[in-house]
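Taken together, the values in this text are just the output of simple stated rules run on the coordinates, not laboratory data. As the structure is a prediction and not an experimental result, all values here were calculated from the model. Glycine gets a Cβ as well: all are built from the backbone with ideal geometry, and neighbour counts include every protein chain shown.
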Amino acid sequence: MNKLLISNLVLIVIILFLLLSGFQTEEREGMENVLEVIDQNPMAQKFLQAYPRAKVQGYFISEGVIEKEIEEIRQDCGDGFEKQGYWKFQYTDVKENKSMTLWVDPETRETVCMVQEILNQDIVIPLGIKQNREELKVRKGSEFGEALYFYNINGNTTYYVKVDILERPSFRVEMEPMVQRYNPMDRDPVDMNVKVEPSELKMAEPEKHPPDEKYIQIEGIEGYVMAKSVGFRFYSPKPKPYEEYPQEKYNFRLNVSAIYYKGMRSYHYDSWLVNYTIILT
C-alpha cells in the first residue's frame, strides 16, 4: 500500500467500521475491498501526493439522502448523476485550503464524480467579466467566434446579464444566447442573455457539468470558477479569386448591463462597455 495513504486510511477504517456495523451482511460483503479500490484510485493518489497531510473521511450515503440532495449534487457532478447509494470520500488539507470529494459507485467501485475545491475563500467578486482579447485579427473570408464570460465568485445575489450590440461590422454577426424575456410570475420581467449565479472556486474543472457552464481561470486568482458565456459568430465576406484587397478594420462595441432582484422588484446593478477591434487581413 502507498505509504502516503496509510495514516489517512486509519480514519477511514474507523468510520467504515462504525458505518458497516449497521449494514446487512450482503452490503458488508459488497464493500470488502472499498479501501483497496480507493488506495488504487489515481485521483486519490495524486491528491495525497500533493497534500500528504490531508485527512480522509469516508461515508456511505443512502439512496434516500441522495434523492433529497440530488439537485445540489448535480450542480457539481452533472445531470447524469443517478439517484442511488454511493460511497463518499472527502480529502481535506486545512493548512493548504484544499479539498477533494470522490463519489464511488458501490457496485462497480468506479469513481463517478470528483469535485475539488479551495477552502476558506475570502475572495468575493459579485459579478465579473472576462474578455479573452480585444483585437480579433483573421483572414478575410473566414468564419470565427469569440465569447464574453460572466462569473460570480462567492457572491450572495444572482444577476441577469443583458448584452446589447452598439456598433458592429457590415458583415453578418450572430449572438448566442440571444436576448430573451425572463418573466417570473411573482417578479418584474427582465430582458437577459444569461443568468449568473454565485459559485465557489474549484481546484480543477469538474469532469461533469451542465453544457451551458464553463470553467475558466481568472488572472491573479487560484483555481477555476464557473462562468456563463455569451458567444459571437462572425461571417466575414469572401474575396474574389486573385483579388487584391486592403486590410480592413471594424469596431465591435457592446453594452453589458446587469439586473438583480430584491424581493419582487428588479434593480439595475451596473453597466460596462466592451470594445473589440476586428482586423481582416
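How much length would be gained if the chain were fully extended between Glu107 and Ser62, taking 0.36 nm per residue of separation minus their Cα-Cα distance, in nm to one decimal? Each step should come with its number before you reach the end.
Numbers: separation 45, 0.36 × 45 = 16.20 nm, distance 1.34 nm.
Additional length available on full extension: 14.9 nm.
What per residue convex hull volume, in Å³, comes out for the chain when only alpha-carbon positions are used?
On the way: hull volume 51.5 nm³, N = 281.
Output value, Cα hull per residue: 183 Å³.
What are the principal axis extents of the Cα atoms in the range 212-273, in Å, biggest first?
Ordered largest first, the range 212-273 gives principal extents of 61, 32, 23 Å.
Which value in Å is the Kirkwood Rh of the range 109-215 over different Cα pairs? Please list the in-between numbers first.
Details: mean 1/r = 0.0584 Å⁻¹.
Averaging 1/r across every pair of different Cα atoms and inverting gives 17.1 Å.
Rounded to the nearest 5, what % of DSSP beta bridges with both residues in the chain are antiparallel?
95 percent
What number of lysine-lysine pairs in the range 125-280 show an alpha-carbon separation below 17 angstrom, given a sequence spacing of 8 or more or placement on distinct chains?
The number of close lysine pairs in the range 125-280 is 19.
In nanometres, what is the gap between the two model label sites at Glu197 and Lys249, each 7 Å from Cα along Cα-to-Cβ?
So the two model labels end up 4.4 nm from each other.
Regarding the range 163-262, what's the average projected area of the Cα-atom convex hull, expressed in nm²?
Values: hull surface 42.7 nm².
The Cα convex hull of the range 163-262, projected and averaged over all directions, gives 10.7 nm².
Give the calculated FRET efficiency between Arg172 and Glu213 to the nearest 0.05, with a Förster radius of 22 Å applied to their Cβ-Cβ distance. Show your work: numbers first, answer last.
Working: r = 28 Å, r/R0 = 1.26.
After rounding, the FRET efficiency stands at 0.20.
Quick one: net charge around Lys162, please, counting Lys, Arg +1 and Asp, Glu -1 for every other residue with C-beta under 13 Å from its C-beta.
Around Lys162, the surrounding residues sum to 0.
Looking at the range 85-121, which GluC sites (Glu not before Pro) are in a loop (DSSP not H, G, I, E or B) and have at most 15 other Cβ atoms within 10 Å?
Glu96, Glu107, Glu110
I need the peptides 158-170, 189-201 ranked by packing, meaning the mean over residues of other C-beta atoms within 10 angstrom, with the highest value on top.
189-201, 158-170
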